């Protein structure tokens, strides 16, 4: 069993004293990582089963990504968008080809990509659809997680993320997740977009009913409404396909990408759409000093190159099937339910055995790092480079935790 030493305790105490308490991290202090493994300041090793909320799909320190970053660091890191650099055009073209979209708008964080999409959808509604000024509305889903900016929390149903940050931004209609009928009923003449996560990650890796994404695509097309897919967590190989929308053969009007696009090295996000959508922006209407910077573009290009091989999508599908098969055997043995797709799972623990935080702390003491969400649910999203042996060990540790707690209850 792993125990915290004086050095860990000292660093945790300093962090607690000198940072705003907007996170409640597990009591581990990491100083080195490689692949699916991280090492703390005391030399203890852990299997990373969170992957930076899918920002580390390709593992810690993937050699191709690190090589691209090092090469670019020696040459050029920032120009701002006041100038064009030599990585920019290739990045936009290659990511556009990956998504099948004509245009790419690079930003930095996932929340920035969502904010960008909101602005673009409204601008498209006024300039193209003809919605009266100031009347555009966007349909979103309950239990969504798109970020924590003031506009985004305005349409959150998570009281922790939302409460105390008003006044809230109007222009959003919230409907139950997974209900195509609710979306259809909510659309009116001023609706410009439907913004959804193809799989809701923060909510507990909730997978919508089969056919839901296809229905959303059809409803949006029939009503001249943009379909915006927030693939910031679900995209770029995590679910066994390049995008979670691919599981139903659905192509949204806008892809929102982030997290894994930066390879675990730098924050990179992007909005990808065709010219008839992103073309509504003109110089001065939107921007970011660091968006599409040379370092970010070089790193993201290496990520796109990895995805173009198809190796990681196939690996996530294969290991994901194994993950879900093994987790399914724990249902009724201390686990209430398992959801997810590919190498991504939400695991509902019997509340009688403890909270999700309790379970994650017990896993940490056994050398496995995971993250809780909402009550007794934990999320598992190991790097796609994880070996099956290491994946099995992590699942074994989860089984050990729940079995021991069942024996004591």
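The numbers here are math on the coordinates, done by the rules we state, and not lab data. Not measured: the values here are computed from a predicted model. Neighbour counts are summed over all protein chains in view; Cβ atoms, including those assigned to glycine, are modelled from backbone coordinates with ideal geometry.
Relative contact order for the chain: 23 percent, from Cα pairs under 8 Å spaced at least 6 residues apart, divided by residue count. Kirkwood analysis of region 76-308, using all unique Cα-Cα pairs, places the hydrodynamic radius at 17.8 Å.
Per-residue extension of 0.36 nm, minus the Cα-Cα distance of residue 41 and residue 223, leaves a gain of 60.0 nm for this segment. The slack in the chain from residue 82 to residue 70, taken as 0.36 nm per residue of separation less the alpha-carbon distance, amounts to 1.9 nm.
Assuming a ≥ b ≥ c are the square roots of the Cα gyration tensor eigenvalues, decide whether region 162-278 counts as rounded (a/c under 1.5), prolate (otherwise, with a/b larger than b/c) or oblate. Judged from the Cα gyration tensor, region 162-278 comes out rounded (a/c under 1.5). Per-residue ellipticity at 222 nm from helix content only, as computed over the chain with -39500 (n - 2.57) for each DSSP H run of at least four residues, stands at -11000 deg cm²/dmol. Packing order of peptides 187-196, 255-264, highest average first: 255-264, 187-196 (average count of other Cβ atoms within 10 Å over each peptide's residues). When a/c is below 1.5 the answer is rounded, else prolate if a/b is larger than b/c, else oblate, so apply that to region 124-198 with a ≥ b ≥ c taken from the square roots of the Cα gyration tensor eigenvalues. Here region 124-198 falls in the oblate category. Taking the centroid of alpha carbons for each part, region 1-75 and region 271-288 are 35 Å apart. Please quote Rg/Rh for region 222-347 to two decimal places, taking the Kirkwood radius as Rh and restricting both calculations to Cα atoms. Ratio of gyration radius to Kirkwood radius: 1.06.
So what is the diffusion coefficient of region 343-401 in µm² per second by Stokes-Einstein at 10 °C and 1.306 mPa s, using a Kirkwood Rh over Cα pairs? Diffusion coefficient, whole number: 138 µm²/s. Available extension along the chain between residue 182 and residue 276 is 31.1 nm, counting 0.36 nm per residue and deducting the alpha carbon span. Which label belongs to the value computed from this structure, given these candidates for percent of Cα pairs over 27 Å apart: (1) 52; (2) 48; (3) 64? Read-out from the structure maps to (1).
Against the longest alpha carbon principal axis of the chain, how many degrees, from 0 to 90 and to the nearest 10, is the axis of helix 88-99 turned? The answer is roughly 80 degrees. Computed from Cα positions, the angle between helix 294-308 and the longest principal axis of the chain comes to roughly 80 degrees.
In a solvent-free Debye calculation with one equal scatterer on each Cα, what is log10 I(q)/I(0) for region 1-47 at q = 0.15, 0.27, 0.33 Å⁻¹, listed in the order of the q values? Evaluating at q = 0.15, 0.27, 0.33 Å⁻¹ gives log10 I(q)/I(0) of -0.41, -1.04, -1.22.
The distance linking region 337-409 with region 208-230 is 33 Å (Cα centroid to Cα centroid, whole angstrom).
Angle of helix 388-408 to the longest C-alpha principal axis of the chain, folded into 0 to 90 degrees and rounded to 10: 60°. Remark: relative contact order (region 291-401) = 22 percent; criterion is Cα-Cα distance under 8 angstrom and separation of 6 or more residues.
Once the Cβ-Cβ distance of residue 325 and residue 358 is raised to the sixth power relative to R0 = 35 Å, the FRET efficiency obtained is 0.85.
Using the average count of surrounding beta-carbon atoms within 10 Å as a protection proxy, the listed peptides 372-383, 164-175, 285-296 rank, highest first, as 372-383, 285-296, 164-175.
For region 72-152, the extents of the C-alpha atoms along the principal axes are 47, 29, 26 Å, listed from largest to smallest. Note: relative contact order over region 76-308, using C-alpha pairs below 8 Å and six or more positions apart, is 31 percent.
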